[in-house]
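As structure tokens, the structure follows; a few thoughts come after it.
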Amino acid sequence: MVLRAWLEGGSPGALRVRILSTVGTGEPKPLAVTSAEAVLEAVQNWLDELGSGPMTFS
């Protein structure tokens, strides 16, 4: 998982986060969110998916 976060226009409250996540050998799934809560949910979902899948590492 890769997170890129910035403030749009440099103003507080204008959070933008681009999230690239993948589990295993699949293609990254891009997602853009605008709140800390949405980032936490995306990370939790990714961890849940990672923990429930086959453990294959390359």
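Scanning segment 2-22 for residues being in contact with a helix residue (DSSP H, G or I) (Cβ under 6 Å, 6 or more places away or on another chain) and either at pLDDT 90 or above or surrounded by fewer than 10 Cβ atoms within 10 Å (Cβ to Cβ) (or both) gives a total of 4. Scanning segment 23-58 for residues that are hydroxyl-bearing (Ser, Thr, Tyr) and at pLDDT 80 or above gives 34, 35, 52.
Residue by residue through segment 23-32, note down the ones that are under 9 Å from the mean Cα position of the chain (by Cα) and surrounded by 11 or more Cβ atoms within 10 Å (Cβ to Cβ). Within segment 23-32, 29, 31 meet the criteria.
The values are calculated or read from the model by the stated rules, or taken from the named source; none is laboratory data. These numbers come from a predicted model, not from an experiment. No Cβ is skipped: glycine too gets one built from the backbone with ideal geometry, and neighbour counts run over all protein chains shown.
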